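Participant: I have a structure I would like to understand better, so I am pasting it below and will then ask my questions one at a time.
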Amino acid sequence: MLLQSTLPITPKALPPDSVKEVTRNIITQLQTDPEAFWHSIMMSVVDFGLRLLVALLIYIVGIWLIGWVKRGLSRAFEKRKTEPTLASFLSSFVSISLTVLLIVISISTVGVDTTSLAALLAAGGMAIGMALSGTVQNFAGGLMLLAFKPFKADDFIEAQGVKGKVVEVNITATKILTPDNRVVILPNGALSNGVINNISGRPLRRVEWEVSVAYGSDAEACKKTIIELLGADERVLQADTDVNALYKSLNSKKYQLAAVGYKIDSIPAPFVALKSLNSSDITFVVRCWVKSDDYWGVFFDMQETFYTELPKRGFEFAYPHVVVEN
């Protein structure tokens, strides 16, 4: 009874083979109406040829326009004196982006569906961006450094706990040459987000010392002696220094920031003042202005001069000692 009521199971029809079906249709059309078949083939070839010709024309014109835009950007960057590394990157980025867009438009003109291609490019860009997140951060930091120029090659800076001369600034990292001849590579991402102390970014710097002498020294005479010692060094700038002539002599690419809001109006005279009264001595603060290139030479030379000349003129240095009386 159960077997009699069960319906017979028929297998599902398999989809026809597309290649065989197309071939069969072509053969049938050739047999029935060959003239119409060849006419449709010719029309398809002509249509494809016209589309291909238009795509080639769009591509050629697009390449010419991209070259024109690239040359215009180069002239604009040169006129604005943009950093060469930044100018090269922006020019290449614009050129590559426009070329990819031009290729997509050309392929679309031929008749190829570019929706899948656009989705693939977007997914690929997202995957690359996620995989290279740290590199992208350094890349963005490099753009910030090259655009705003907090320092440049040959500047002596202090950043990320490192002191040294900048030897190279590229799009992802900055190379620092330390005074003991080590090369330290700083990622631009962290560098652009941290504190940067550009020590040699200005043509003039102020030098400062603290000179301590024993109690009982004539303070006014000591101050005059220190001023005299400073005046004997030609590298120490005086109040009557012609600032305009000085900046003009230093107005080179090395100090290009000095001309945009960082120029001082006049050179302060060397300065000496009593700073503190200590337990066993008194301390004078000494300040003067020098060219940045002369900073360390003046600092060490005058340090030695104070040590050798002040005692000769009656100003003794105090030091901890014990007096033993018989």
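Participant: If I take R0 = 45 Å and measure r between the Cβ atoms of Ala123 and Arg202 in this structure, what FRET efficiency does the formula 1/(1 + (r/R0)^6) give, to the nearest 0.05?
Facilitator: Details: r = 49 Å, r/R0 = 1.10.
That pair, Ala123 with Arg202, gives E of 0.35.
Participant: Another question about this same structure. Starting with the highest mean, order 138-148, 194-204 by the number of other Cβ atoms within 10 Å, averaged over the residues of each peptide. Each step should come with its number before you reach the end.
Facilitator: Numbers: 138-148: 18.0, 194-204: 16.4.
Peptide ranking by packing, descending: 138-148, 194-204.
Participant: Any chance you could run the full-extension gain for Ile264 through Trp209? It's 0.36 nm times the residue separation minus the Cα-Cα distance, nm to one decimal. Numbers along the way, then the final one.
Facilitator: Values: separation 55, 0.36 × 55 = 19.80 nm, distance 2.18 nm.
Length difference between fully extended and current span is 17.6 nm.
Participant: So, one more: Give the calculated FRET efficiency between Lys175 and Gln303 to the nearest 0.05, with a Förster radius of 41 Å applied to their Cβ-Cβ distance.
Facilitator: On the way: r = 32 Å, r/R0 = 0.77.
Efficiency computed from Cβ-Cβ geometry: 0.80.
Participant: Hey, another quick one. DSSP loop (so not H, G, I, E, B), at most 16 other Cβ within 10 Å: list which trypsin sites (Lys or Arg not before Pro) in segment 163-194 pass both filters. Before the final figure, lay out the partial values.
Facilitator: On the way: sites: Lys163, Lys165, Lys175, Arg182; in loops: Arg182.
Sparse-neighbourhood loop trypsin sites (Lys or Arg not before Pro): Arg182.
Participant: For Leu56 and Lys275 in one chain, what is 0.36 nm times their gap in residues minus the Cα-Cα distance, to one decimal in nm?
Facilitator: Answer, rounded to one decimal: 70.8 nm.
Participant: Just grab the label-to-label distance for Glu316 and Val94, each label 7 Å out from Cα along the Cβ direction, in nm (one decimal).
Facilitator: About 7.4 nm, to one decimal.
Participant: Once the piece of chain linking Asp293 and Lys165 is laid out straight, how much longer is it, given 0.36 nm per residue of separation minus the C-alpha distance between them? Write out the running numbers ahead of the final one.
Facilitator: On the way: separation 128, 0.36 × 128 = 46.08 nm, distance 1.32 nm.
Full extension of this stretch gives 44.8 nm more.
Participant: For Leu101 and Glu21, FRET efficiency with R0 = 51 Å and r from the beta-carbon atoms, rounded to 0.05?
Facilitator: Values: r = 39 Å, r/R0 = 0.76.
The calculated FRET efficiency here is 0.85.
Just so you know, all these numbers are worked out from the coordinates, no wet-lab data involved. Since this is a predicted model, take the numbers as computed values, not measurements. Here the Cβ is made from the backbone with ideal geometry for all residues, glycine too, and neighbour counts use every protein chain on show.
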